[in-house]
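Step one of this worksheet: look at the structure below.
Quick note: the coordinates plus some simple rules give every number you see, no bench work behind them. Because the structure is a prediction, the values reported are computed rather than measured. So basically every Cβ, Gly included, is an ideal-geometry build from the backbone, and we count neighbours across all protein chains shown.
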Amino acid sequence: MDFFCYHRDRAGSLPLRQELLERHWSYMDEFAKQMIARGPVFDEPVGAGTEADGEDEGRAVGSVHIATFTEAAQAWAFAFGEPGYQAGAYRDVMVRRWRNDLERTMWDFEGGKPEGDGYFVLGLGAPLPVGDATVPEEREGLIAYGPLLSDDGETWVGTVALLRADGPEAARAVLDGERYAEIEVHGWEFGGRR
């Protein structure tokens, strides 16, 4: 089963996150074979050549990890065992089942790493039967895409997309706005050691 984990930073936590960066990366190295996608999330796109560990206070808003686990308890343990969470760097954590509709990892994406054009899009909506979740016809730029699911995998509760786009509005357009109660759009870049 695949799981989406979204650690949202608490205000003022950037110095703590920077202090814990090596511990965070070492922790994630333990799960490298299970990773589908990962990376820091920003309140706006990150310029080409900008490094996540050098971002200013106003830009970092969290991090996302999508990984495969054999059971839900392992996903929860992964999310809450992360060093930043243990140290109090996050205001909240979202853990949801997720379906890999592109059937690949971010490292399999042939469009190259985002360079100032990477986005994380999170849409939350009223629960629907899972069969109603579909991949957009236009897939160019999609790095990872799939529905957020109820714990039993039977109900759609939202969608996550990681993509390259020509701006926040183009990134938002990957989701049909009418079916979502809320859509978040953030800058995003590939995660991992620099």
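Placing unit charges on each Cβ (+1 for Lys and Arg, -1 for Asp and Glu) gives the range 83-194 a dipole about its Cα centre, and among His186, Leu175, Thr155 the Cα reaching farthest toward its positive end belongs to His186. Residue-wise HN-Hα couplings along the range 171-186, as the Karplus relation 6.51 cos²θ - 1.76 cosθ + 1.60 with θ = phi - 60° gives them from phi, are 5, 4, 5, 5, 10, 6, x, 6, 8, 10, 7, 8, 10, 9, 10, 9 Hz; Gly and Pro carry x. Over all other residues within a Cβ to Cβ distance under 12 Å of Glu140, the charged ones net out to -2, with Lys and Arg as +1 and Asp and Glu as -1. With the simple model of a label 7 Å out from the Cα in the direction of the Cβ, Trp76 to Tyr27 spans 1.7 nm. Please work out whether the range 111-152 counts as rounded, prolate or oblate from its C-alpha gyration tensor, where a ≥ b ≥ c are the square roots of the eigenvalues and a/c under 1.5 means rounded, while otherwise a/b larger than b/c means prolate and anything else oblate? Taking the square roots of the gyration eigenvalues as a ≥ b ≥ c, the range 111-152 is prolate.
Dipole magnitude for the range 2-188: computed about the Cα centre from +1 point charges on Lys and Arg Cβ and -1 point charges on Asp and Glu Cβ, it is near 400 debye. With the convex hull of the Cα atoms taken as the outline of the range 93-166, the averaged projected area works out to 5.6 nm². Near the amide H of Leu148, within less than 5 Å, lie the amide hydrogens of Val157, Gly158, Thr159, Val160, all on another chain or at least 5 residues away, with H placed in the peptide plane.
A straight chain from Glu110 to Gln18 at 0.36 nm per residue would run longer than the Cα-Cα distance by 30.1 nm. The trypsin sites (Lys or Arg not before Pro) of the range 1-41 that DSSP puts in a loop, and whose beta carbon has at most 16 other beta carbons within 10 Å, are Arg10. The helix-based estimate of mean residue ellipticity at 222 nm for the chain, built from -39,500 (n - 2.57) per DSSP H run of four or more residues and divided by its residue count, is -4500 deg cm²/dmol to the nearest 500. Sparsely packed loop sites in the range 89-194 (the GluC sites (Glu not before Pro) outside DSSP H, G, I, E and B with at most 16 other Cβ atoms within 10 Å) comprise Glu103, Glu110, Glu115, Glu137, Glu138, Glu140, Glu154.
Roughly speaking, what is the centre-to-centre gap between the range 1-27 and the range 82-124 when only Cα atoms are used, to the nearest Å? Using only Cα atoms to place each centre, the spacing works out to 12 Å. 3J(HN,Hα) along the range 140-155, derived from phi through the Karplus expression 6.51 cos²θ - 1.76 cosθ + 1.60 where θ = phi - 60°, amounts to 4, x, 6, 9, 9, 7, x, x, 7, 10, 5, 4, 8, x, 9, 10 Hz, with x in place of Gly and Pro.
Counting Lys and Arg as +1 and Asp and Glu as -1 over every other residue whose Cβ lies under 13 Å from the Cβ of His65, the net charge comes to -1.
Our estimate of slack between Arg10 and Ala173, defined as 0.36 nm per intervening residue step minus the Cα-Cα distance, is 55.9 nm. Using the alpha-carbon positions of the range 89-132, Rg (one decimal) and Dmax (whole number) come out as 14.4, 36 Å. Taking the charge dipole of the chain about its Cα centre, with +1 at Lys and Arg Cβ atoms and -1 at Asp and Glu Cβ atoms, the residue from Gly81, Phe69, Val95 reaching farthest to the positive side is Gly81. Using the Stokes-Einstein relation with a Kirkwood hydrodynamic radius computed over Cα pairs, the translational diffusion coefficient of the chain at 25 °C and a viscosity of 0.890 mPa s comes to 147 µm²/s.
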